[in-house]
Amino acid sequence: MAKVNSKTHSHPDRDILFMHLKKSGLKLTKPRKAILDVLILYHGPFTAGEIYKRISKKSCDLVTIYRNISSLGEIGLLRRCDFGDSIARYEIADLGVHHHHHIICTSCNKVEPLDDCDLENINHIAKKRGYSHVTHSLEFFGICSDCE
């Protein structure tokens, strides 16, 4: 299980997320609200199982979590994070509000957000080559100061 550093970084406002959900044609169901609330409160990224452990078991079962993660990802509310270990983790998508990367400790699996991204101009370079809707994914790995 990844340990997520509790340093705060801003996500899109809860109301903006719920509005985006409705504009996409999906209803704000109890399970979707529970998933989004966990990811807003604890930031993530988390596996479906980790999300499930953080919500009330009365909200939904694990299968419902998987189903809703898929639909929330399809409409762009969740971003899948790939840390090279074949484990799918999810966090709130930036929706143009907060773009970031992560640094992961290879010893204790702590995950910290990196709020600086100097790759934003890559969009300009890609457009010059005829590409549009360009995104990127970049994660860093190392040993944290606690494990050093």
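The values are calculated or read from the model by the stated rules, or taken from the named source; none is laboratory data. These numbers were taken from a predicted model, which means no experiment stands behind them. Note: ideal-geometry Cβ built from the backbone for every residue, glycine included; neighbour counts use all protein chains shown. The accessibility values were calculated without ligands, DNA or RNA, using every heavy atom of the protein model including side chains. Shrake-Rupley method; radii C 1.70, N 1.55, O 1.52, S 1.80 Å.
For this structure, a couple of remarks:
- Per residue value of the accessible surface for the range 43-90 (all protein chains in place, 1.4 Å probe), Å²: 50
- Carbon plus sulfur fraction of accessible area for the range 20-69, probe 1.4 Å, in percent: 58
- Heavy atoms of residue 37: accessible area, 1.4 Å probe, square angstrom to 10: 40
- For residue 108, distant residues with modelled amide H under 5 Å away: 144
- Extended-chain gain in nm, criterion 0.36 nm per residue less alpha-carbon gap, residue 75 and residue 143: 21.0 nm
- Once both labels are positioned 7 Å from their Cα atoms along Cα-to-Cβ, the gap between residue 67 and residue 114 label points is 3.8 nm.
- Full extension of the chain between residue 86 and residue 106 gives 5.7 nm of extra length, using 0.36 nm per residue less the Cα-Cα distance.
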